[in-house]
Amino acid sequence: MGFKDFTAGDVLTANDVDNFLMRQTVMVFDDAAARDTALSGVLTEGMVVYLKDINRLQKYDGAAFGPVGEDAVLNEGEAGQDVVSDGSAGIRYENSISPFLLLGV
């Protein structure tokens, strides 16, 4: 894939539609089952989808769909841990809620 700058008079082939439009858009699905059914056999690394049942964006990394952006950071900790930021680039995980996290600091 990549980027293609179409100009007036260019022939738009099925391959162009697949590679430059269909696989480079945010596709919306009711849930993961609908996504998996629709994209079976055409998955490409970098695809982005939105799942309405969980209100989340996901990206395909070449092996599986996973979270995007802030959701990706929040999902990196182990189950039962709270995400705590000390204002630096690093994030640590704790087993209790930090008052700074609650205040949005």
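Of everything in the range 40-55 that's part of a loop (DSSP other than H, G, I, E, B) and hydroxyl-bearing (Ser, Thr, Tyr), which residue is surrounded by the fewest Cβ atoms within 10 Å (Cβ to Cβ)? Here the residue is Ser40. Within the range 14-39, restricting attention to residues that are modelled with pLDDT of 90 or more and not in a helix (DSSP H, G or I), the residue that is farthest from Asp53 (Cα to Cα) is Val28.
Given the structure, is Thr44 of a type in the set (Ser, Thr, Tyr) and modelled with pLDDT under 90? Spelling it out, Thr44 is indeed of a type in the set (Ser, Thr, Tyr) and modelled with pLDDT under 90. Go through the residues of the range 75-96 one by one and say whether even a single one is out of contact with any Lys or Arg (no Cβ under 7 Å at 6 or more places or on another chain), loosely packed, with under 10 Cβ neighbours inside 10 Å and modelled with pLDDT of 90 or more. Checking the range 75-96: not a single residue is out of contact with any Lys or Arg (no Cβ under 7 Å at 6 or more places or on another chain), loosely packed, with under 10 Cβ neighbours inside 10 Å and modelled with pLDDT of 90 or more.
The values are calculated or read from the model by the stated rules, or taken from the named source; none is laboratory data. Owing to the predicted nature of the structure, the values given are computational and were not obtained by experimental measurement. Cβ coordinates were reconstructed from backbone atoms using ideal geometry, including for glycine residues, and neighbour counts include every protein chain displayed.
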